[in-house]
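Below are the structure tokens for one structure; questions will follow.
The values are calculated or read from the model by the stated rules, or taken from the named source; none is laboratory data. What you are looking at is a predicted structure, and each value in this text was computed from that prediction instead of being measured. Here the Cβ is made from the backbone with ideal geometry for all residues, glycine too, and neighbour counts use every protein chain on show. All accessible areas refer to the heavy atoms of the entire protein, side chains included, with ligands and DNA or RNA removed. Shrake-Rupley method; radii C 1.70, N 1.55, O 1.52, S 1.80 Å.
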Amino acid sequence: MDGVLILADRQTNSVWTHLDGIAIRGPETGKQMEIISLVHTTWEEWQDLHPDTLVLSDDTAFRSRYRDITIGVANLRQTQQFLSGDDRLETADLVLGVIIEDVQVAYPMAALAEAGAVVADTVNGVDIVLFYDANAESAIAFSGMIGGQAATFESVPGPDFRVRDSLTGTVWDFTGRGVEGPMQGETLDFVPSYISEWYGWAAFHPSTEVYEVTD
């Protein structure tokens, strides 16, 4: 669908979109899955966050079910451009896509890198904050409100990604978890967001806005 993966569940055989989790065919048509926080990070930082994590092994009895698919890079890029039809960004540019109700905004990773570790914005009347981790070249969005009050965030120098809010003085990590201060152990409210290549995001969300860094 629009060049983006769709999936069918085994329980109802409903068909679901990959980028927003909406059922487009079958008994569950019209229902939407909950979008949960997905952290795109390095193995080193993941181990720091989750030292007891398990790793999927490729030594499996199901290897025969998988096959390699080789696609020429030139053909792939031409196909991607055709699918998106939107040249505001390069087809393979990574963006953090943010969805708030019927409004979508694409935040180019390059723009976030330029802006710094913390970017505040308002989408569809909702205050949000975006964290950009330069080490992992990753980003994620959270509500800019804490306890019903608007907060500002600033980067905390150090080897790991950390920010501090202006309301409580709590220090937060990249996953939005309080790691030091009055709200230690609490989590910021996640705003539906995920990293995507531009061609897929633009094809699926043709009315998307694109964030630009302003002075």
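Only residues of region 82-123 count here: report those whose backbone N is under 15 Å from the spot 7 Å along Cα→Cβ of Leu56, or say none.
Counting backbone N atoms under 15 Å from the label point, the list is empty.
Given the C-alpha atoms of the chain, compute the convex hull and give its volume per residue in Å³.
Hull volume over Cα atoms, normalised by residue count, gives 173 Å³.
Counting Lys and Arg as +1 and Asp and Glu as -1, each charge on the Cβ, what is the dipole of the chain about the Cα centre in debye, to the nearest 20?
For the chain, the charge dipole is close to 800 debye.
Moving to a separate point now. What ranking do 32-40, 168-176 get when scored by the average of other Cβ atoms within 10 Å per residue, highest first?
Output ranking for 32-40, 168-176: 168-176, 32-40.
Would you mind getting me the FRET efficiency between Glu186 and Gln32? Use the beta-carbon distance for r and R0 = 30 Å, nearest 0.05.
0.65
Please calculate the 1.4 Å probe accessible area of Ile128, with all protein chains present, and give it to the nearest 10 Å².
It works out to around 0 Å².
Ok, one more. Taking only Cα atoms and a 10 Å spring cutoff, compute GNM fluctuations for the chain and point out the largest among Gln47, Gln184, Gln11.
Gln11
Gly144: net charge of surrounding residues, Cβ under 11 Å, Lys/Arg +1, Asp/Glu -1, itself excluded?
-4
Of all beta bridges DSSP finds with both residues in the chain, what is the antiparallel percent, to the nearest 5?
Roughly 95 percent of the beta bridges in the chain run antiparallel, per DSSP.
Can you tell me the 0 to 90 degree angle between the C-alpha axis of helix 73-84 and the longest principal axis of the chain, rounded to 10?
80 degrees
So how exposed is Arg88, as accessible area in Å² (1.4 Å probe, rounded to 10)?
Per-residue accessible area (Arg88): approximately 110 Å².
When all protein chains stay in place, what accessible area (Å², nearest 10, 1.4 Å probe) is found for Glu197?
Here the residue's solvent-accessible area equals roughly 60 Å².
Around Asp165, under 14 Å between beta carbons, what's the net of Lys plus Arg minus Asp minus Glu among the other residues?
Its environment carries a net charge of -3.
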